[in-house]
Structures are given as C-alpha cells and as structure tokens.
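For reference, the structure discussed in these notes is given below.
The values are calculated or read from the model by the stated rules, or taken from the named source; none is laboratory data. All of these numbers come straight from a predicted model, not from anything done at the bench. Positions of Cβ are generated from backbone atoms using ideal geometry, with glycine treated the same way; all protein chains shown enter the neighbour counts.
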Amino acid sequence: MNAQFKKGVLELIVLESVRQKDMYGYELVEEVSKVVDVNEGTIYPLLKRLTNERYFETYLRESTEGPPRKYYHLTVAGILYRDRLEAEWTEFADRVGAFLQERKGK
Amino acid sequence: MLRDIEWHGRRMARQAADSRGEEQAMNKKEFLEALRQALAVLDETEQRDIIDEYEQHIDMKVASGLTEEEAIADFGDFNEMTAELLEAYHVRADYAGMGRMRENSAEKAGNTGGQAQKAVPGKDGQSGETSGSGTAGGSTVGNFAAGLWKMLTGAWLWLWGGAKAAVRWSWRLIKAAAAWAWKACLWCRRQFCRPFIWLAGLLGLRAKEAKGGDRTDSDGQEEQAAPGSPGDSDTGRTFLTAKEKGGARKMRQGILSGIWGGITSFCRWCADACIWCARMTWNACCVAASLTVGMMGVLFLFTLGMFLILVLGGYPLVGLSVASLGAAVSFFAAAGFVMTLLWRKKRPASEPAAARAAEPIAAPAAEPTAVPASELPAEPVMPEETEANGREEEKDHA
C-alpha cells in the first residue's frame, strides 16, 4: 500500500483499536499490522503524540510475563477525535469512490 | 565522556554506512543507547518512559523467536523514528541529523528519478522547509541552525530551572516575611499598651499601700512606720503610738485618709479613662481597617459574580474570575487578621466563677479608701473582711 495512504489512516486504525479495548504497545502494533503493513517504529511516536494531545491516557498493569505493561486507554476527547476522523475518512472515501466510478462509466 | 566519544564514533560509522546505502544492524544495547542520545533534549522521565517501552517491545519480539537485530530492524529507519518521537513533543529533531536524513532521502529519490527534495517536519507536523540536496551552503546553514537550536534549548532549560528556583525561593521569602510581620504587629501592640499598663499597675500599687497603712493604724496597736516605707511617705513621716491616740489625731488621720483616698480614686479613674481611650482608639482603628478591607473583599466578590455571569455567557474570563476569587478570599482573610489585633480586656483566669458572681455584692463593703479612719471599727479586722479587701485589690489591679 502507498505509504501516504497508510500514514493518513494509521491514526484512525490506532484509535479504533484502542476504542474496543485498552491495549499495550506491542499488542497494538500487532493489531495494526493485521490491517496495514507499517514500520513498528512509527506506531510508538504516534501513540506518544496522541497521548500528549490527551486523546489517550496510560496506566501500568502488572504482567505475568515480565515487567508491568503500559496500557493505552481512549479518553472522551479521543473518542470524539476518532468519530471526526471516521466521518472525514468516510466522506473522503465516498468522494474518491464516486469519482472513480464516474470515470469508469465514461 | 568516553562513552559519548564511543557513541559518536559508532554514529559516524553508521552515517558512513548509511551514505553507502548499507543498513548497519544494531543490537538492543546500542539501539537503546542511540535512542537515549537522540532523545536527550526531552525530560528524563519521558526518555525513560520511551526507552522502557521500546525495550519491552524488543524483549517481546525476542521472546517470539526473533533476534535483537531483526526486532530493531522492524522499527524502520532510526532517524525517522526519533524525528517522529521528537515531533510528538513539538521538538524539532537535531538539524544535523535531519540534514543527513534529508540527504539520504534525496539521494534515494534521485536514484529512483524522483524529485530531490524532502520536507523537514515542523512544529505542527507540517512541512517546515524544503531544500535541495548536496549543496555546500545547506551544510553550513545546517550547522549554524543546529548550534542555534542547541543554544536555544539550553537557554530554555536554564530559564525553566531558574524560574522554578525563583518560585521556590519566593515562597520561602513570603512565608518568612509573613512570620516577621505577625511578630512586628504583636510587638507594636505590646509597645503601645505598655505605658498604660505600667501606669495602671503603679497607681493600683499605691492605692493598695495606702489602704494597708490605714488599716494598721486603726488596729489600736503600737506601730511605727519605718523610714522609707510606703506608710512613711504617704502619711508625712509621722510616728504613731497607742498613747498618742486622741481626737485631734483621729481627725487628722481621717482628713488625710479622705484626701489620699480621693486623690488615688481620681488618679485611678484617670488611668482607667486613659486606658479606655487608648483601647477604644486602637480598637476603632482595627475595626475601621477591618471594615475597609472587608469591603474590598465584598467588592471583589461582586466582581467575581459578574465575571462568572460573563463566563457563562461565553466570554473568556475564567482567569479573571479566578483572580477575583483569590482577591476576595485574600481580603476577607486580611480582615479577619486585623480583627485578631483587637485589644480586649483581660480577666483573671484563676478567679473562680462563683467568686466573680459574688463580687458585686462584696464590692460596696470593701471600699476602705472612701471611709475616714475615725469611722473604722476598733476591733481587729476579720479574716473574711481581709479576703474581701484582697479580692477588691486584685480587682483594682486587673
């Protein structure tokens, strides 16, 4: 997939993944990797940015397999932001789809 | 120092490898060290947080069967990753590092026939600037900008530390000044009261001495006033014996006692009046100051209400509302403080409540200064009477 496409939708995918349930970094990377093939290094900066912008809040939870894991939780602001991104994405995809269909018809 | 030199050596080697288009694999320790160096501009806690997360990720990858090098390679380009991490904190990556990344990207783009330009991420994640690749001028400007950036970052950290220290010292200074002001107020009040209390004590003592002298004279026993004693100075240095008792003496004694009693009563009344005036003046000043400050508090309370209404109306006046609330609370606190400086009458704590209740009844009988010595009873003073006189004297002192 085109890298610019990935970059555009990565935020939405991450927000949607965390909306379902709280996740830690590695788990989130694996979840996102199911949808798009991205460098794992890009996920952590994105998580950090969304946390700094108060869309995520984090907490530590003990793990049986090692040190405590940092879990990401979607805040109310994050939910609103995710809804807005989804609406924008839907509109964008619809318009592009309609344009392509229109061109195909011609 | 040696570690920094070693790290820079490795970094230069990696840059050289990058420039040759090779990818040099790093192990976990090297990667985390390089990450720490790249994020050195961030707060220590944030650095630790990020490094821990990456370390945990690598450990999990290794646990799933990958090698450290493979796990690190999955992160992608190191410089891009650190640039994005710094961008998350609205910090531009080191310009030299970004310049190198830009050159590498441009080189790759040039190889693929693309346009040899790449945008440097700006503060808001938008394109900060674009420049051509491989120009000598760009490198010089890059070095200058990197130096400038480091200087600005250092200055900012220095200023931030200085501001924190200034706030901490200001708070200590304010506390010390408040304690000093409180002590100064108490000292002023004590100094203001001191002359009146001294005067009252002095007059009360004289009155007591005078009463004691009269009472011993009336006992009918042989008595001689010692030179320099209070009775000596008050009665005009007279020697009294039982044989000299007579009508003339009694009359003289009565007149002198009456005059002295009148003088001491007048002096005590004057002292009481002075003390009362001083107390009223002081208290009036305190109440006036308290009322003034309290009115200011009410004014700020009114302002707060007005601002709150405007805030509810959508005006951005939250800061002013908070400031008004703070001012109102401060003024009310100041009014309360001024009221604590009121000069109140002291009551003896050791005196039982029953004795205080019976005092108005016993007081008229215990007024020896107003009675001439000739009219005093000839028999010795009864213990009850002595106690009543003692209480009266204590009351006079108070």
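Here is a yes/no grid of residues against (1) at pLDDT 90 or above; (2) crowded, with 16+ Cβ neighbours inside 10 Å; (3) closer than 30 Å to B:Arg190 by Cβ; (4) not aliphatic (A, V, I, L, M):
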site: B:Gly246; (1), (2), (3), (4): no, no, no, yes
site: B:Arg249; (1), (2), (3), (4): no, no, no, yes
site: B:Thr264; (1), (2), (3), (4): no, yes, yes, yes
site: B:Cys270; (1), (2), (3), (4): yes, no, yes, yes
site: B:Met280; (1), (2), (3), (4): yes, no, yes, no
> Can you tell me which residues in the stretch A:86-106 are touching a residue at least 40 places away in the same chain (Cβ under 8 Å) and either closer than 30 Å to B:Ile58 by Cβ or among the charged types (D, E, K, R) (or both)?
Replying inline: A:Glu86
> What is the one condition in (1) touching a Lys or Arg at 6+ places or on another chain (Cβ under 7 Å); (2) in a loop (DSSP other than H, G, I, E, B) that B:Gly65 does not satisfy?
Replying inline: (1)
>> Can you confirm whether A:Glu91 is over 26 Å from B:Leu32 (Cβ atoms) and part of a helix (DSSP H, G or I)?
In response: yes
> Can you tell me which residues in the stretch A:20-49 are closer than 21 Å to A:Asp83 by Cβ, facing chain B (nearest Cβ under 7 Å) and outside any helix (DSSP H, G or I)?
Replying inline: none
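Yes or no, residue by residue, for (1) outside any helix (DSSP H, G or I); (2) exposed (fewer than 10 other Cβ atoms within 10 Å of the Cβ); (3) at pLDDT 80 or above:
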residue: B:Val141; (1), (2), (3): no, no, no
residue: B:Ala163; (1), (2), (3): no, no, yes
residue: B:Trp171; (1), (2), (3): no, no, yes
residue: B:Ala181; (1), (2), (3): no, no, yes
residue: B:Arg189; (1), (2), (3): no, no, yes
residue: B:Arg206; (1), (2), (3): no, no, no
residue: B:Glu209; (1), (2), (3): no, no, no
residue: B:Pro227; (1), (2), (3): yes, yes, no
residue: B:Gly231; (1), (2), (3): no, no, no
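Quick grid of which residues meet (1) surrounded by fewer than 17 Cβ atoms within 10 Å (Cβ to Cβ); (2) under 19 Å from B:Met81 (Cβ atoms); (3) among the β-branched types (Val, Ile, Thr):
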site: A:Val18; (1), (2), (3): no, no, yes
site: A:Leu28; (1), (2), (3): no, yes, no
site: A:Val38; (1), (2), (3): no, yes, yes
site: A:Tyr44; (1), (2), (3): no, yes, no
site: A:Lys48; (1), (2), (3): no, yes, no
site: A:Tyr55; (1), (2), (3): no, no, no
>> Among the residues in the stretch A:63-75, are any at the interface with chain B (Cβ under 8 Å from one of its Cβ atoms), buried (at least 17 other Cβ atoms within 10 Å of the Cβ) and either of a type in the set (Ser, Thr, Tyr) or in contact (Cβ under 8 Å) with a residue 12 or more places away in the chain (or both)?
In response: yes
>> Criterion first (within 11 Å of chain A (Cβ to nearest Cβ), touching a residue at least 40 places away in the same chain (Cβ under 8 Å), more than 20 Å from A:Tyr24 (Cβ to Cβ) and not hydroxyl-bearing (Ser, Thr, Tyr)) does B:Leu42 satisfy it?
In response: yes
> Within the stretch B:60-72, which residues are more than 7 Å from chain A (Cβ to nearest Cβ) and buried (at least 18 other Cβ atoms within 10 Å of the Cβ)?
Replying inline: B:Lys61, B:Glu68, B:Ala71, B:Ile72
